[in-house]
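First up is the structure itself, then whatever we jot down about it.
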Amino acid sequence: MDKKLKVAHVIRVFSYGGAEVLLRECFAHPYFKENVESDLYILDHKKLGLVPEVKPNVNSIHYYRITTPKFPIAYAKFLRHIIKDKYDIVHMHLPVAGWMTIPAKLFNRKTKFIYSEHNLVNFYAKYNYYLSGLTYGFFDCLVAVSYEVGEVIKKMQKGWFYKTRKAVTILNGINTDKFTNAHRDYDNANNNFTVGLVARFRPQKRVDRWAEVAAEVHKLNPNIKFLMVGDGPDDDMLREKIKTLNMEGKIELPGMLSDTATAFKRIDIFLLTSDFEGLPLAIMEAMSTGCVPVVSNVGGIKQLPFDGFGYKFDDFNPAEIARVIAAYANDAQKFKMESQRARSFVEQNYSLTKQVHEIVDLYRELI
């Protein structure tokens, strides 16, 4: 067997976003552990919820205080660690991690620097958009997590701006053994029919719109339940919106849960009202667990061919979306058929094992 690769993974926070959860699953995969010796670098000390879950599968975990007045000291410490440990690969995930790590490349000529883009860059805040565009050309390889992400990057390219030396697409994968629909009792599905979301409550997720749809669904069928698992910068705004809609006590808000598989098992309809997405991991986990997707037709979601299951909406019409959801609750056979098709779609097209093998192959190709 080839020697293990020494890889540093860099990310800004390590809470419960899609990129973070995906890293957790990769770290735990037997083939990844067999081939990769992983260290984890987290740039913000505030969001560390997933750290306990990955400790058994990585060599070391480092985090820094880049959002405090001690930023210069913390940043210098981070760069020194990346430089002195002489990794085979430094793999960065999402903005901030990408452009903040680049200075280390000047001192590590043999190390290959890979950046994974999980979102559509044209929707980034200005500082992330421009800093990313100006630093892409330093990466040895750019990994897009969906075809749509890759296509948007190509459209943004102009000279050095968003230049890529090497670009590949590696689709996000799901552990279908962990995210399974084996628990579903389709004969009694309507007893606790639940519309749900598992996500970081970032502005792009438009959780205010999610609450609007829930209010319309409640008017049509007050027996349907609502579950929003997560937290984030829009948490306070969401709670105020729920209050305005008179939905307090009707939408369950447990905060972020470490066991997302259990959360998905409580959900029947996975409702996503995002303004933009790359290829959201949560939608794949939801479908693998047998949830029927009712989602915004944006970003990488556009390229998911829902054949005989689920519903995509181009225009946000909460009353119309609510009618679609209520129809599933009123037709057990329709829900069962589409739930099973959603699960089969993920099994056939989005395997975690396939993704892990492609990542390891890329690492070895680059060195």
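Summary of computed values
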quantity: Average Cα contact separation per residue, the chain, under 8 Å, 6 or more apart, as relative contact order %; calculated: 16
quantity: Residue-normalised accessible area of the chain, expressed per residue, 1.4 Å probe, Å²; calculated: 43
quantity: Backbone N under 19 Å from the ASP307 label point (7 Å along Cα→Cβ), restricted to the range 335-361; calculated: 337-351
quantity: Accessible area of the range 1-150 belonging to carbon and sulfur atoms, whole % at 1.4 Å probe; calculated: 58
quantity: Segment ASN349-THR262, extension gain: residue separation times 0.36 nm, minus the distance between their alpha carbons; calculated: 29.1 nm
quantity: Protection-proxy order for peptides 201-210, 243-252, 300-309, each taking the mean of Cβ atoms within 10 Å per residue, highest first; calculated: 201-210, 300-309, 243-252
quantity: ASP177-GLU248 pseudo-label distance in nm [points 7 Å out on the Cα-to-Cβ vector]; calculated: 4.7
quantity: Antiparallel content of DSSP bridges confined to the range 1-94, in %, to 5; calculated: 5
quantity: Alpha carbon convex hull of the range 320-367, volume per residue in cubic angstrom; calculated: 89
quantity: Share, in percent, of DSSP beta bridges within the chain that are antiparallel, nearest 5; calculated: 5
quantity: MRE, 222 nm, helices only [DSSP H, n ≥ 4, -39500 (n - 2.57), over the chain, to nearest 500]; calculated: -12000 deg cm²/dmol
quantity: log₁₀ of I(q)/I(0) at q = 0.06, 0.07, 0.08, 0.13 Å⁻¹ - the chain, Debye sum with one point per alpha carbon; calculated: -0.23, -0.31, -0.40, -1.04
quantity: Length added when fully stretched, TYR186-THR68, from 0.36 nm per residue minus Cα-Cα; calculated: 37.4 nm
quantity: Cα shape, the range 3-103, gyration tensor, a/c 1.5 rule; calculated: oblate
quantity: Spherically averaged projected area in nm², based on the convex hull that wraps the Cα atoms of the range 222-321; calculated: 7.1
quantity: Residues of the range 1-20 with amide N under 15 Å of a point placed 7 Å along Cα→Cβ from LYS166; calculated: none
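The values are calculated or read from the model by the stated rules, or taken from the named source; none is laboratory data. From a predicted model like this one, the values you see are computed outputs, not experimental measurements. No Cβ is skipped: glycine too gets one built from the backbone with ideal geometry, and neighbour counts run over all protein chains shown. With ligands, DNA and RNA removed, areas are computed over all heavy atoms of the protein, side chains included. Shrake-Rupley method; radii C 1.70, N 1.55, O 1.52, S 1.80 Å.
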